[in-house]
Amino acid sequence: MDALTRDQLAIEPARVLTAPDLLVGSSLPGWHAAGGGIGLRRALEDRAGIIGVLERAGLRGLGGAGFPTHRKWEAVAAQPGPEKVVVCNGNEDEPGTFKDRFLLGRTPHQVIEGALIAALAVGARQVVMYVNPHLGSVLPTVAEAVAAWRADPVLLELAAALGGPVTLEARASSGRYIGGEETAVVAWLEGSFPFPRRKPPFPAESGVHGKPTLINNAETLAHVPHILRHGAAWFRSRGRGGAPGTKLFSLSGDVQRPGLYELPMGTPLAELIEEHGGGMLMGRAFKAVFTGGPSNTLLTADHLDVPLDFDSVRARGSRLGTGAMIVVSEGTSIPRRVTEFVEFFAESSCGQCPPCKTGTYQLATLLHRIDSGHGTRADLDSIRQLCGLLPGSGRCGLIDGAVTVVASSLERFGAEYESMLRG
Amino acid sequence: MSAPGPMPPTAIQRTDATAIRWIDATAIRWIDALAACAAAPADPPAPDAPALLRRWHPDAQPNATEPLRVGASAGMRCPPALAALLQANTLIDDVDVAGAAVVETDVLVIGGGGGGCVAALTAVAAGRKVLVVTKFGLGDSNTVMAEGGIQAAVGAEDSLQAHYDDTLAGGQRAGDPTLVRTLVSEGPAAIRWLIGQGMTFDLDESGHNLRRKRAGGTSVPRILSTRDVTGLELMRVLREATLLRPGITVWNRSPAVELLSDAAGRCRGAVIYSLYLHRFVTVRAGAVILTTGGAGRLHINDFPTSNHLGATADGLVLAYRLGATLREVDSFQYHPTGVAWPRALRGQLISEAARSLGAQLRNGRGERFVPELSPRDVVAAAMLREIGEGRGVERDGCVGVLLDTPGLERARPGVLAQSLVSLGHVAHKSGVDPVREPMLVCPTLHYQNGGIAIAADGATGVPGLFCAGEVAGGIHGRNRLMGNALLELVVFGRRAGAAAAGLAQAAGPGGRANLDHVQDWRRALVAAGLPLDARAPLLFPEIANFDLTADRAPHRAPHRAAAVAA
């Protein structure tokens, strides 16, 4: 869904990751011409200071969790031994999210350079670009970009600094939604089905084949070379209202101009919809936004003023997630959308934890009955019961996300469900 | 949701053939014309077809067409009445199908005319479960009005090549050679299939061979017929077969209001409105076949029409929204011999069978002005020329030219009663005795030459969506020959049915079916600055007084009304 064109990009201010001159595809000279390589150079000059810069910049994990990046890096760096792994997570498969496929498909070098800087910071000699193979030509583009870096002499400098040869490779992920979960990434890279595992141990302590493993989202890593090049203060100044940096928002649903928008972190929801998304389609009334996974609490009309950053959205009881904003207007049914998402979760459940395996299936079945006009009040009561029972019953967060979106839609749009019941 | 969009203001009112906008001329009085016809006429002059069509064909008139501004065929020209529908907003929203019953089938056939029945019978024979939905009743269609016959190269002196050449040339060489080749080469098999289904055809004097008539624009006699009720006979057989066949479900009075698609843009079914239940029903299907016919009821270029009440371009509208491309939608066929008088029957068809049996056309001076078996577009244009240049005939304010049925009866006594049954019916309704009095005729809007672009298996540009019959384009080019419409619906109905059955087997009815393409369509309308208050498909023409909003069951919860109003 590369709705983004050069023209659109040109009129948007404050672009860091999606500036037009960065959209060079797999061309490494193009990336160097656009200022690439400087961040890595700075990192090589002051290896010990890298994590400190990130801490001062306030970079957080942009794959959905919002965990401070420097703390994750510190945890891996603190592990003993040279056998460590850095994984760039480009498994993106959530409905409504299309940011990583843009970064990796159109401007992959900043992501790779970020991963190399991470390797330098934490002392890892193995770097894996873990990419969803179902995203058109994204994986081949990343593979070409990786090949270009392998031929670059800077890798030798990196090896010298790390005390041994550095391996850099692009690996196809399973392409399954669950394959983006950290421990599932580890399982897949070890050659197994991407089953999430119990935590602890966290991958930072014991990841791929027991090696300490740093797993960061592609968007997070993409920011790293820019931060090292321009400094922490510069990065902080890209944001609004105290939130640092920029964020890629995947805007979809009932707006006039859906697409990918890079905006300052902390941009209000209303501004994203009205100024960037061209307003609600056909001028209809705003009903709600599904954020992130879409596995979070709905943002409704009361929350149009919320600044879109991790803390502000959390303060309203929801989560920013991946930055996906699926907008729903009057005229579109909330229960139908929720049914679609829960069907996705039911299909995506790995089936390892029985409550998730049967719970997502039951939720999807009950919702489908309501959606197709057979639902009764008893079905709705069963859904409510399941929403009370299921949270926390899986190893990963899939079941929690599915329940959250159902429960919050029931709470705010219960009347819509009721109106669809039989009789 | 609001009522189906209003008809363009000019469309219905001008059923008066004397009031064709761009023709303003005097005419010769009926009794004077009859007197002039007493003498035997000279042979007609050979027409200069290209010049005639440029000057006098309705499609060639200024302002007859305008370019489309959105959609897969943006820039293509089509009549304004059709453009208004093709570029209209949808009838329904996502909330309208929330809680609608879901029905699953392998193959969904939209349209219950000849093409729909052929496609359904073929798909069910391949082992698929088939649902046929039609907005009237099964067989209630234009197919039954096809009077002349069906072409197929079955004669000893005939050949596939001759049929191919005639079809392509008759269509001003605008047809797709692959489609035409498919049409003609499967013609004999189509006739065999129809006979196998139980259809009867007229036999020649020997009583052993199929009787063949001559069609306008053809090189050899090739029309097979059942007197002049061929379409009715074909529909009778197919309708019975469809109704009796287990595995086919038929929903009457159930218009399709929107197609459904999945995330990959593949057609996955349709939203049906049931006039019995007063509710929407969601049909999920592995493949969808559109056999919705043409657009005559839009009264293109203000012409009266021979078409059935259901010919409102619904299929074109639905498919175009989903991304199907169109072709030759600026080209319509005006059948030369529509009733011009009496006023109440204006536009009703008099079969080309009359001319193929030898009936002549005479102007107000009693002259023959065009070879009667020229292609239809040429004959119609020549008639409009006669009327436009003051040689038309006027009767009670209605203008046309004369179809010399008394002359035909004199030349072949008894032919009217034996072979022109439906002409007799029309004459009877008109209060005319065709043996003694000629019919006053004027071109009538008859057929949509173009339509949705298809491949040889009926596949459109949208995966999972197939077309057959009049709704499909590319076979007849810019003018259809008599008898090729029935052949087309059989040949391409069978092909689309088989291809859809194969696809449905491969895919199954699964996959989430959504209305996401509707939002994309609306974005395109907004971006192009087109109005959003016009709604389509029309479903029923204005004279049907149908209002979907008013017709819907009012028992649903109030939030829905509010959501719709927003």
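The values are calculated or read from the model by the stated rules, or taken from the named source; none is laboratory data. Predicted, not measured: the structure shown is a model, and the values here were computed from it. For neighbour counting, all protein chains shown are included, and Cβ atoms are generated from backbone atoms with ideal geometry for every residue, glycine included.
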Next item on the list: Examine segment B:148-160 for a residue that is at pLDDT 95 or above, assigned to a helix (DSSP H, G or I), over 30 Å from B:LEU361 (Cβ atoms) and over 21 Å from the mean Cα position of the chain (by Cα), and state whether such a residue exists.
Entry: yes
Check: Going by the structure shown, is A:VAL327 among the β-branched types (Val, Ile, Thr) and either touching a Lys or Arg at 6+ places or on another chain (Cβ under 9 Å) or surrounded by fewer than 20 Cβ atoms within 10 Å (Cβ to Cβ) (or both)?
Finding: yes
Check: Can you name the condition, by its number, that A:SER329 falls short on among (1) more than 14 Å from chain B (Cβ to nearest Cβ); (2) within 28 Å of B:VAL526 (Cβ to Cβ); (3) touching a residue at least 60 places away in the same chain (Cβ under 8 Å)?
Finding: (1)
Check: Would you say A:ALA159 is assigned to a helix (DSSP H, G or I), surrounded by fewer than 17 Cβ atoms within 10 Å (Cβ to Cβ) and out of contact with any helix residue (DSSP H, G or I) (no Cβ under 9 Å at 6 or more places or on another chain)?
Finding: yes
Item checked: In segment A:193-231, the residues that are without any contact (Cβ under 8 Å) to a residue 12 or more places away in the chain and in a helix (DSSP H, G or I) -> A:GLY210, A:HIS230
Next item on the list: Give segment B:93-118 a look and list any residue that's facing chain A (nearest Cβ under 9 Å) and on the phi > 0 side of the Ramachandran plot, or say none.
Entry: B:GLY99
Next item on the list: Would you be able to say whether some residue in segment B:210-224 is without any contact (Cβ under 8 Å) to a residue 24 or more places away in the chain, under 23 Å from B:ALA353 (Cβ atoms) and more than 23 Å from the chain's Cα centre (by Cα)?
Entry: yes
Check: Does segment A:335-356 include one or more residues that are closer than 23 Å to B:VAL283 by Cα, among the acidic types (Asp, Glu), out of contact with any helix residue (DSSP H, G or I) (no Cβ under 6 Å at 6 or more places or on another chain) and modelled with pLDDT under 95?
Finding: yes
Notebook entry, point to check: Exactly one of (1) in contact (Cβ under 8 Å) with a residue 12 or more places away in the chain; (2) in contact with a strand residue (DSSP E or B) (Cβ under 9 Å, 6 or more places away or on another chain) is unmet by A:CYS353. Its number?
Noted result: (2)
Note to self: Any residue at all in segment B:133-140 that's farther than 21 Å from B:THR292 by Cα and surrounded by 20 or more Cβ atoms within 10 Å (Cβ to Cβ)?
What the structure shows: no
Check: Just checking, which of B:THR242, B:THR282, B:THR218 is buried (at least 21 other Cβ atoms within 10 Å of the Cβ) and within 28 Å of B:ALA162 (Cβ to Cβ)?
Finding: B:THR218
Next item on the list: For segment A:369-377, state whether one or more residues are within 14 Å of another protein chain (Cβ to nearest Cβ), touching an Asp or Glu at 6+ places or on another chain (Cβ under 7 Å) and not hydroxyl-bearing (Ser, Thr, Tyr).
Entry: yes
Margin query: Regarding segment B:498-507, can at least one residue be identified that is under 13 Å from the mean Cα position of the chain (by Cα) and either closer than 30 Å to B:ARG222 by Cα or not polar (S, T, N, Q) (or both)?
Written below: no
Check: Identify, please: which residue in segment A:388-398 is out of contact with any Phe, Trp or Tyr (no Cβ under 8 Å at 6 or more places or on another chain) and in a helix (DSSP H, G or I) and is, among those, farthest from A:LYS287 (Cα to Cα)?
Finding: A:LEU389
Item checked: Positions within segment A:234-252 being of a type outside the set (A, V, I, L, M) and either buried (at least 21 other Cβ atoms within 10 Å of the Cβ) or under 20 Å from A:ARG101 (Cβ atoms) (or both), in sequence order -> A:PHE235, A:ARG238, A:GLY239, A:PRO244, A:GLY245, A:THR246, A:LYS247, A:PHE249, A:SER250, A:SER252
Check: Just checking, which of A:THR376, A:THR358 is outside the structural domain of A:GLY64 (by TED's automatic domain parsing), more than 21 Å from A:GLY175 (Cα to Cα), touching a residue at least 12 places away in the same chain (Cβ under 8 Å) and more than 25 Å from the chain's Cα centre (by Cα)?
Finding: A:THR376
Check: Considering only segment A:199-224, how many residues are under 21 Å from the mean Cα position of the chain (by Cα) and of a type in the set (Lys, Arg)?
Finding: 1
Notebook entry, point to check: From the list B:GLY473, B:GLY497, B:GLY483, B:GLY502, which residue is modelled with pLDDT of 90 or more, at positive phi and more than 10 Å from every other protein chain (Cβ to nearest Cβ)?
Noted result: B:GLY483
Checklist line | Every residue from segment B:248-289 that is touching a helix residue (DSSP H, G or I) at 6+ places or on another chain (Cβ under 8 Å) and small (Gly, Ala, Ser) | finding: B:ALA256, B:SER261, B:ALA263, B:GLY265, B:ALA270, B:ALA285, B:GLY286, B:ALA287
Checklist line | Subset tally (residues that are touching a Ser or Thr at 6+ places or on another chain (Cβ under 9 Å) and farther than 27 Å from A:GLU205 by Cα) for segment A:96-133 | finding: 13
Notebook entry, point to check: within 22 Å of B:LEU259 (Cβ to Cβ), modelled with pLDDT of 90 or more and not hydroxyl-bearing (Ser, Thr, Tyr) - does that describe any residue in segment B:329-342?
Noted result: yes
Margin query: Of the conditions (1) in contact with a helix residue (DSSP H, G or I) (Cβ under 9 Å, 6 or more places away or on another chain); (2) over 17 Å from B:ASN449 (Cα atoms); (3) touching a residue at least 60 places away in the same chain (Cβ under 8 Å), B:PRO67 satisfies every one except a single condition; which number is it?
Written below: (3)
Item checked: Checking B:ARG128 against (1) under 30 Å from B:ALA527 (Cβ atoms); (2) modelled with pLDDT of 95 or more; (3) not aliphatic (A, V, I, L, M), the condition it does not meet -> (1)
Next item on the list: Kindly establish whether B:ALA500 is surrounded by fewer than 24 Cβ atoms within 10 Å (Cβ to Cβ) and either aromatic (Phe, Trp, Tyr) or touching a residue at least 40 places away in the same chain (Cβ under 8 Å) (or both).
Entry: no
